[in-house]
1. Considering only residues that are within 13 Å of G457 (Cβ to Cβ) and of a type in the set (K, R), look in the range 469-522 and name the one that is surrounded by the fewest Cβ atoms within 10 Å (Cβ to Cβ).
2. Hey, can you tell me all the residues within the range 373-424 that are assigned to a loop (DSSP other than H, G, I, E, B) and at pLDDT below 85?
3. Quick check on the range 461-476: of everything there that is among the polar types (S, T, N, Q), under 18 Å from the mean Cα position of the chain (by Cα) and in a loop (DSSP other than H, G, I, E, B), which residue is modelled with the lowest pLDDT?
4. Could you check how many residues of the range 477-495 are touching a Pro at 6+ places or on another chain (Cβ under 9 Å) and in a helix (DSSP H, G or I)?
5. If you take the residues of the range 560-576 that are assigned to a strand (DSSP E or B) and in contact with a Gly (Cβ under 6 Å, 6 or more places away or on another chain), which of them is farthest from G604 (Cα to Cα)?
6. Please verify whether the range 719-728 includes one or more residues that are over 19 Å from V611 (Cα atoms) and either of a type in the set (K, R) or not in a loop (DSSP other than H, G, I, E, B) (or both).
7. Select the strands (runs of 3 or more DSSP E) contained entirely in the range 267-317, then report the ones holding at least 1 residues which are modelled with pLDDT of 90 or more.
8. Would you mention how many residues in the range 218-241 are at negative phi and at pLDDT below 85?
Amino acid sequence: MTSSNPSKRLILVAPVTGLITPLEKVPDPTFAQKMVGDGVAIDPAGESLVSPCDGKVTQLHSAGHALTVTTPEGLEVLMHIGLETVSLKGNGFNPRVKQDQEVKAGDPLIDFDADYIVHNAASLLTIVVVTNTELTRGFNPSSGFAEAGKTRILEVLLSGDAKEAGEKKDDSSESSDEIVILNPAGLHARPSAVLVNHAKQFKSKIMLVKEDGVKGNAKSVVSIMGLEIKAHDRVRLVAEGEDASEALAELAPLLASGLGEKLHGEPIQEPKLKPERKVSNDPNILLGISASPGQAIGRVFQLRYQSIQVEKNGRGQDEENRLLNEAVKQSRTELQELQKNMRMKAESGKAAIFAAHEELLEDPELLSAAAKGIADGESAAYAWQKAFTAQADMLAGLNNELLAGRANDVRDIGRRVLARLAGGGSAKPDLPDNAILVAEDLTPSDTASLDKSKVQGFAITGGSATSHASILARAANIPAIAAIEERALNVATGTPAVLDGDKGELRLNPSEEEVASIRKTQLEAAERRKKELAEAMSASETTDGRRIKVVGNIGGLAEAAEIPELGGEGVGLLRSEFLFLQRADAPDEEEQAAVYASIAKVLGPDRDLVVRTLDVGGDKPLAYLPLPQEMNPFLGVRGIRLNLLGTDLFKAQIRAVLSAAPFAKLHVMFPMVTTVDELREARELVLIEKDRLGVKEEVKIGIMVEVPAAAMMADVLAREADFFSIGTNDLTQYTLAIDRGHPRLARMADALHPAVLRLIERTVQGAHENGKWVGVCGGIAGDALAGPVLIGLGVDELSVSGGSIPAVKAMVRRQSHEKCGELARKALKLATSAEVRAFLAKENQG
């Protein structure tokens with residue numbers, strides 16, 4: 001029944017009674033766009049799934065809603081009962097077979113409760129697809145009503161070597177063990193790009209396979225994102241080819257370690273689904289979601305993309321391929337230059353977005369679709385436009401907010417290349433002053449290039465809080481709203497408006513009183529800031545003569561250049577990770593040395609430069625330095641432990657850092673030090689390299705105090721270290737046993753908890769007993785309430801973000817050191833962080 005001539009074709013019978021439905025009509029783009037495979041869907045009228053062919057059950061999902069039967073010819077026939085039924089966790093399904101069981105066409109496979117599924121899942125539509133379509137020449141689906149085990153639903157035309165491929169399958173392909181995805185947001189664009197980057201190094205065909213059998217090309221960012229892999233999903237890597245073993249050996253640990261992202265060991269919240277669009281009944285109020293905080297006053301300017309007109313017919317396949325390759329090459333160069341400039345400005349987060357764009361330019365699914373169009377006689381521009389539009393539409397149709405938001409990234413790189421193909425594209429609009437942009441969407445390129453002197457804020461009907469346009473808006477301090485009501489597109493250009501990024505609200509035609517109130521608040525803040533800036537060069541000294549040094553936390557050259565201008569007395573924390581993250585390989589010693597020296601030079605010989613050595617590890621790994629998966633990465637190989645294990649990388653960084661010694665007061669600081677032995681070993685390495693390089697300048701060596709053990713042993717550590725810098729963010733989470741990124745508990749991780757304050761006090765006492773100074777470089781250093789307490793505890797230095805330096809110096813000048821001491825002593829006696837904050841707020845008002 002299953003095949004009249006197995007070498008030529010395979011006949012599949014209905015696995016369930018019901019109406020045959022074309023796959024293209026399935027309301028799920030993963031199936032409708034045949035990303036999983038080709039076949040049909042059936043709208044069930046029965047409650048039993050039977051085998052559509054002879055074969056073996058090669059995969060049975062743990063939730064009981066899906067299985068795969070592999071035929072003797074090697075075809076993998078996936079049956080998936082309902083849509084989004086994995087969330088039912090097995091309820092409503094009763095498997096009748098086991099994995100590896102041989103079955104005949106018509107044999108029962110799974111019984112299911114149709115009524116339960118209808119009321120608890122997205123749909124009862126059952127999918128029947130052949131997943132390894134490379135073994136086929138075509139499909140002839142049937143139509144109409146089908147009876148389970150009897151009616152033909154699909155004729156599969158086999159390729160000439162299908163049987164041979166089926167026989168050789170076990171020998172030619174290899175599979176990894178099951179891998180649990182621990183990335184907090186699943187496999188979105190950036191981790192997908194890291195996986196693709198590494199997968200492309202191998203010749204083998206490599207697939208990423210989900211638990212339900214859905215698979216995607218591991219060399220395609222778009223294909224991986226289309227799988228909608230969430231945190232805690234289970235996947236496998238399957239490789240087929242001459243270097244399959246080597247590919248799995250490298251890629252499986254990389255995937256398990258998070259592909260360069262910080263991981264959560266605790267249960268992670270489900271990815272956000274696309275939010276329901278908010279609607280206001282007030283014609284002058286339009287609602288959306290907050291994309292970037294802040295308020296803006298201005299006039300609406302409707303921004304529209306001008307479509308680029310292209311010719312459909314090409315001038316020959318060779319010429320059109322040449323044009324496409326050249327346009328892609330030019331676009332890649334543009335993106336690389338953009339990333340380079342952003343990294344030099346310490347905008348590594350922005351650079352990472354465009355690094356993902358560069359990876360999309362080489363996406364095999366995208367390039368293959370364009371090449372097919374060119375082969376069919378289309379022009380490069382037409383074929384490329386069709387290809388990227390289809391990919392973007394597929395992503396936009398996903399129900400995962402984060403992945404759907406990446407459709408705009410595909411459109412962005414698509415338009416970039418298309419503009420090259422069309423001779424430069426359309427000119428940018430001339431924006432008026434005080435513009436509040438309203439648009440369907442803004443690409444990351446649009447957002448990154450906004451003229452802040454003219455654009456006060458923007459509202460888009462698309463996007464989300466997690467889209468790259470929103471991320472860039474927050475980085476640039478531009479108030480923004482995403483997913484605003486569609487009627488915003490009908491608001492006339494020039495309409496007065498107030499954009500409230502905090503509330504996600506655009507108010508049209510505001511009253512004069514409302515505008516005046518907002519402007520007054522903004523003016524008061526601006527005047528206060530102006531006064532602080534005017535006095536920024538004044539010494540930060542308390543009213544009774546206690547000197548508190550105020551320095552900056554930085555992540556690159558651009559931020560370093562701002563420190564002297566803002567009155568900073570140096571850099572209290574240079575996060576050297578900015579040189580190592582979001583890249584495929586480690587920076588060499590020369591690249592590092594050039595950056596460190598440049599930063600030291602802009603500070604000058606009279607200012608401190610405290611460089612923290614590479615602070616990464618199991619919870620925030622490097623793509624090019626895979627580490628074994630750890631049960632609890634926060635208690636594993638990170639900080640100084642990784643430095644001392646990877647001594648070649650560490651030594652290269654130390655040599656590069658030491659090259660900055662002639663240009664500033666250089667301090668080397670080790671992260672996550674717990675024991676005296678760690679400090680001694682790291683210190684010895686620095687002194688050896690310093691001697692080898694012949695560095696004559698004095699170089700101070702200190703540690704971050706981030707774990708309770710270091711705080712408790714501060715008096716002992718201070719005999720070996722030249723200084724301490726307290727990292728209150730990590731010290732708080734280790735003291736209170738709370739992951740500061742935990743979705744439910746993070747709000748409890750308060751550095752003003754009395755336990756944390758007591759550890760700070762002990763650290764200061766241990767340091768001062770040995771004549772060493774103590775700084776604080778965590779978030780609490782810039783907290784207006786916390787400042788007086790830290791001064792009272794005896795802290796010598798506050799290291800804050802560059803923009804906060806004038807305000808923190810002004811705060812210091814308002815304090816009496818004696819009164820701050822009294823305040824600190826009272827705070828130490830309180831029981832909770834809430835009590836401490838209430839007490840400090842009351843004292844501040846007084």
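The values are calculated or read from the model by the stated rules, or taken from the named source; none is laboratory data. These numbers were taken from a predicted model, which means no experiment stands behind them. A quick note on method: Cβ atoms are made from the backbone with ideal geometry, for glycine too, and the neighbour counts reach across all protein chains shown. Areas reflect the complete protein model, heavy atoms only, side chains present, ligands, DNA and RNA absent. Shrake-Rupley method; radii C 1.70, N 1.55, O 1.52, S 1.80 Å.
1. K503
2. Residues satisfying the conditions are G397, L398, N399, R406, A422, G423, G424.
3. The first filter runs over the range 461-476 and keeps only residues among the polar types (S, T, N, Q), leaving 461, 464, 466-467, 470.
Remaining after also requiring under 18 Å from the mean Cα position of the chain (by Cα): 464, 466-467, 470.
Add one more test, that the residue is in a loop (DSSP other than H, G, I, E, B), and what stays is 464, 466-467.
On the way: S464: 66, T466: 56, S467: 67.
The extreme case among them is T466.
4. 1
5. Looking at residues that are assigned to a strand (DSSP E or B) and in contact with a Gly (Cβ under 6 Å, 6 or more places away or on another chain), I get R575.
6. Among the residues of the range 719-728, at least one is over 19 Å from V611 (Cα atoms) and either of a type in the set (K, R) or not in a loop (DSSP other than H, G, I, E, B) (or both), which makes the answer yes.
7. Passing ranges, in order: 285-287, 295-302.
8. Selection size over the range 218-241: 11.
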